[in-house]
Each structure stands twice: as C-alpha cells, then as structure tokens.
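Laboratory data are not the source of any read-out in this text; all were calculated from the coordinates shown. All values reported here derive from a predicted model rather than from experimental measurement. Note that each Cβ is placed from the backbone with ideal geometry, even for glycine, and that neighbours are counted across all protein chains shown.
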C-alpha cells in the first residue's frame, strides 16, 4: 500500500474525528467534572461505545489474533473469561456510581483515599497507575508505528506513525476532555466493529467459501488449534497466568473504572454494560477468527504478531478493506491511549496536586490536569521511541501490576476493617513484585506474575489491616449509605 | 428473598461458571475434541450465558429512581 494512500486515509480520519471532538467540546463548562467526567451526564449508548473503544486496543486484532495464530482456541477462552469479568461491574458499578454522586469523586483513586482517610493512599495508587499505564500506552503507539511502517513497505517511518497517533490522541483530548474523547471513541468504536466484521466475513467467504469451510480446514489441517493446551502455548499455567489478572480489568484499570462515574443514571449504566458486552463478544470472535484465517492462509510466519499485517497484504482482501482495517486498528489504539492520558491527568491533578495544596482552587486544578495531557503524551511518545525491553515488560506487567488495587477496592465496599497502611502495603509491595517478576522472567512454582501479585496484595491487605486501625466512622458511613440506597433501589 | 441472599446466590452462580470456564476445556473429554463444537462452542456459550445473566441482574438499574 502506498504511503500517500495511508496518509490521506489518516488525514480524513483525523478531520472527521476533529469535527466530532469540536462539536462535543463546544458547550464544555470550566470545571474539572466537566472536563474529566463530561459532567457525569453521558447517555448509555455513547458510554457503551467509549467503554468498548477504551477497553479494546490494538491488542485485539494484532496481539489476540497472534495468540490464536500460535496457540489456538485458548485465546478465545482467555478473552471471553475477561469479558465475563464484567460481572464485577454488575456488583461494583452501581456502588461506584452512587458514591461518585454523593462524594463527588473524580477518580477511583480519590475514592480509595477518601474511604481509607489517607491522602497517601490516593497519591500512591495514582502514581502506581501512572507507572503501569504509561508503558501500556507506549506499546499501543509502538504497535501503530510498526503497523504503518509494515503496511507501507517501510515508506512511512516508524516515528512518523508514532507521532501521528500521539498527535491525534492529544488533540482530541485537549479539544474537549471526556466529552470529546467519548464522542470520538464512539466514532472509532463503530469503525472498529464494522470493518472488523466486514473483513472477517470477506476472508471467510473468499478464502474458505464460508465459516464452515474455515472450521473444516482447521479440523483437518490444524486440529490441535481447536483444543487447549492444543499446540502447547496455552498450557494451564500460562492460561491462568494470562487470564486471571484480566478478569479483574474492569476494576483494576482506572481508565475503565472511572467510566463507572459518568453515566447520567443507573438505567444508562445498564445500557453501557450490556452494549459493551455485545460489542466485546462480537469483536472477540472476529479477532480469533482473524487469527485462525492467518493460521490456514499463511502458516509459516516466524512472529505471530505479524499475522495481521501479512494477512492484510493478501489478495483475498481488497485494498480498500485492508486500508479500513488499518484505520480500525489505529482507532483502537488511539481511543485507548487518549482515555488513559485523560484518566492519568485527572489523577495527577486530583490525587497528587490538589492533595498537596491548600486552599483548593478548581481553576488551578483543571489547569494542572490539562497541562498533564500533553506532558503524558510526550512521555508516552518518548517511551515508544526508545523501545526499551523494560517497556514491554512493564506493559505486560500492567494487568498484573494494576491487579494489586483490587483487594483495596473490594475492601472499600465490603470490609469495614480495611486500613490505609494495608492499602499502601498491598499496592507498593504487590506492584514491585509484579514488576520484578515480569522483568526477570521468574515464575516461582510455575505461576505467572499476575497470580503472585494478586496473592501478595490480598494477603498483605488482609494481614496488615488486622494489625492497624481502620477508619471506623468513615467506613460505617460509606457502607451504610450504600446499603440504604441499594436497598431502596432493590439492587444486589 | 433478601438482597443479601440474592447477592450470595449470584456470586455462587458466577463463581461456578467462571471456574468451569477455566477447568472444563482442559478436561480430557474436551481437550481431545478437535471440533468446532468443542472448546470453541463451550466458551462462546459460556459468554452468552454470562451476558444473559448480567442482563437479568442489571434489569433493576432504572432511570426513574435516580434522576440527578
């Protein structure tokens, strides 16, 4: 594909998105709630689409397709068990939303700090999120850089791809905060889903005469790919190690858990959850079938992540569709990165900056948050540029590292005995364990870093809580309020 | 039935379902079934059942009771 064609397609995508972002940001008020939470007034459909676009990154059509290429159907189990993790939102979603309304929380980490009556809890959790999510975002940009370089035969330099994606992400975020991000996410989610479905139907029919033909091919040529452990990649330890941290993604990742504050009502939150589930189910199936197609059509690849770029170059995919898929993957990456940048900026302004100053001034707080939007973007680009091994390790460790927040979050809603020192111990020690294990490649007793970080965080949270003093008054007030409200609404 | 009891029942239902999603495809019966209707269909149906159950749980999340 020629570089000029790709540039023109990206330019049109940028212009369309910018029009949407401008429209969305037109009536933006001046406060932090307006900028970072869209005034807590999102409708269910937009909320579902932004939740989907934020959750699903370039990993799906590249990494997950690569997993199914190399490891078979285990990739489907991994991703669908993640999807079933939305059951956590069924329990925690209304609770987040209710306390968000009552205490005016801006970030999930602010909620933790207030509930455990400790500014250090908010600040340390926010910094932990920054440490794990910056490399995760950098990998998204690395993916775009590599994709555009590959698809143009090297005519689009790697750094140009990284720069373009980063510019689009920061421009839309800056234009209108979460409103602009949510509406451009909606546009991008639609592009992601439509082109993914269209392309997989095309591949199935042009390559195999239909989905039946695709599965018949797998059953005869690669039967092991329809089982686990199958070809060997998804042995039980790998499967559990990969899947367990992701099951808790909807709670552990602040860029998605912050979305639980933004629907304008619980009815709209229901539309958000159900819409996301349907989106996720379809998008997962498509990504897996994409990997299976690559296995049958291009079986000799040395690197599984190349399955998608190489597949896009085959003749059975018309050039126009390949271009759209490329845009869909860019959209998936940009929509994840800009949401992360926005969430991290809100955490810095609320949990680090505001906590350290008195008196509190909302204008100044907003200014700090907005300034951090480009600052984080530059840091992410810098990380994507140097391509250190540590970045890849930290990115993989992100799910294991963020998992350490989960005991504190569950405790906040269900355990009055939880304490601030316990949260700090579980987040700091658990996070360090995740990083060290991931970077060193150690798997004690054969278990993956996510299993260990989750275990360490849980044990520390419970153990340290039992020996320290809980914030009794706050815990009682917080949990009693929820019991009363949920009881009134008959929500479990 | 009290809300606590309903919550407990749903927690148990989901615990069993999610554990089965980890275990069943690795059992000898299914790990030797090299067909579309093996692990692929099992996990797909698992996800669809989860979606239906979540639809049931969230049915009580209403607009009219919580207008801002």
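Taking 60 Å as R0, compute the FRET efficiency from the Cβ-Cβ separation of residue A:7 and residue B:2 and round it to 0.05.
That gives a FRET efficiency of 0.45.
Can you give me the relative contact order of chain A as a percent, contacts being Cα pairs under 8 Å and 6 or more apart?
30 percent
Residues of the range A:1-29 with backbone nitrogen within less than 17 Å of a virtual label 7 Å along the Cα-to-Cβ line of residue A:321, please, listed as ranges.
Of the residues in the range A:1-29, A:1 have backbone N under 17 Å from the label point off residue A:321.
Given a Förster radius of 51 Å and the C-beta distance between residue A:476 and residue B:24 as r, what FRET efficiency does 1/(1 + (r/R0)^6) yield to the nearest 0.05?
0.75
Rounded to the nearest 0.05, what FRET efficiency do residue A:300 and residue A:467 have when you use their Cβ-Cβ distance and R0 = 56 Å?
For residue A:300 and residue A:467, the calculated efficiency is 0.45.
With n ≥ 4 as the cut-off for DSSP H runs, can you work out [θ] at 222 nm for the protein assembly as shown, using -39500 (n - 2.57) per run divided by the number of residues, rounded to the nearest 500?
Mean residue ellipticity, 222 nm, calculated: -24500 deg cm²/dmol.
Based on the Cα coordinates of the protein assembly as shown, what is the per residue volume of their convex hull in Å³?
Convex hull of Cα atoms, per residue: 138 Å³.
With everything on Cα atoms, drop me the angle between helix A:449-466 and the longest principal axis of chain A, reported from 0 to 90° to the nearest 10.
Here the helix axis deviates by roughly 10 degrees.
Would you mind checking the tilt of helix A:87-103 against the longest principal axis of the Cα atoms of chain A, expressed as 0 to 90 degrees and rounded to 10?
40 degrees
Take residue A:361, project a point 7 Å from its Cα along the Cβ direction, then tell me which residues of the range A:27-62 have their backbone nitrogen under 19 Å from it.
A:30-33
Please give, to one decimal in nm, the separation of the simple spin-label points placed at residue A:167 and residue A:190, each 7 Å out from Cα toward the Cβ.
The modelled label-to-label distance comes out at 2.6 nm.
By counting other Cβ atoms within 10 Å of each Cβ, how are A:469, A:364 ranked from fewest to most?
Exposure proxy ranking, most exposed first: A:469, A:364.
Across peptide A:217-226, how many C-beta atoms of other chains are within 10 Å of each residue C-beta, on average?
Per residue, the average neighbour count from other chains is 3.
Answer rounded, prolate or oblate for the range A:94-134, using the Cα gyration tensor with square roots of eigenvalues a ≥ b ≥ c: rounded when a/c is under 1.5, else prolate when a/b is larger than b/c, else oblate.
oblate
Need one number: nm distance between label points at residue A:202 and residue A:220, each 7 Å from Cα along Cα→Cβ, rounded to one decimal.
About 2.6 nm separates the two model spin labels.
Which whole-number percent is the relative contact order of the range A:397-492 (Cα, under 8 Å, 6+ apart)?
39 percent
Where the centre of each part is set by its Cα atoms, how far does chain B sit from the range A:26-93, in angstrom?
A separation of 19 Å, based on Cα centres.
Report, as an integer, the average count of C-beta atoms from other chains found within 10 Å of each Cβ along B:47-54.
6
Arrange the following residues from fewest to most other Cβ atoms within 10 Å of their Cβ: A:116, A:51, A:105.
Starting with the residue having the fewest Cβ neighbours, the order is A:105, A:116, A:51.
With an 8 Å cut-off on Cα pairs and a minimum separation of 6 or more residues, tell me the relative contact order of the range A:154-295 in percent.
Relative CO of the range A:154-295 lands at 24 percent.
Per-residue Cβ counts within 10 Å, from other chains only, averaged over A:86-98: what number is that?
3
For chain B, find the longest principal axis of its Cα atoms and tell me its angle to the long axis of helix B:3-23, 0 to 90°, nearest 10.
Value to nearest ten degrees: 20.
Listing A:416, A:490 from the residue with the fewest other Cβ atoms within 10 Å to the one with the most, what is the order?
Fewest-to-most ranking of A:416, A:490: A:490, A:416.
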